[in-house]
């Protein structure tokens, strides 16, 4: 059972309650948070394929057809995903509903991972990990490159973000074997 201890009031007189969970509830909290994080990959795939490449293409188009400037209309999706996360965290905290808070933090954790993978590692909007030779990083970059080879909203592929299909892993492994043979390889075809 969730307990409210250490109740205080803030400067406006609103009651602030600290959420205290029992040991088993902590396990459930972590399970809901991690489950939400994992579920977000499927939600992101569906949203990317059917919403971003569908009726909200007007916001996503400048991500495929690069225009000058640091910010893109596509960045609005950050806000679109952040709103339910913030609402769930806020309502869950204010009403002492631990599972709402856990779902909100799960969405937030996925958003942070999405930012690191998509904006930092793949598109390098921030120059933090520019020379990685990690197989996962190279596979996810290649999968995203194959997604971006389509400039229109039709005929896309690889709509996920953190999960990389086996064919991209295989391609990167083939590239690494070719490069290990001391041969100069500028491009290794995707298919044999």
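Of the residues making up the stretch 1-53, those that are in contact with a helix residue (DSSP H, G or I) (Cβ under 9 Å, 6 or more places away or on another chain), surrounded by 13 or more Cβ atoms within 10 Å (Cβ to Cβ) and modelled with pLDDT under 80 are 2, 17, 19, 21. Residue 65 falls short on exactly one of the conditions (1) in contact (Cβ under 8 Å) with a residue 60 or more places away in the chain; (2) more than 16 Å from the chain's Cα centre (by Cα); (3) within 16 Å of residue 159 (Cβ to Cβ), and that condition is (3).
The values are calculated or read from the model by the stated rules, or taken from the named source; none is laboratory data. The structure displayed is predicted, hence computed values, not measured ones. Methodologically, a virtual Cβ is constructed for each residue, glycine included, from the backbone with ideal geometry; neighbour enumeration extends over all protein chains shown.
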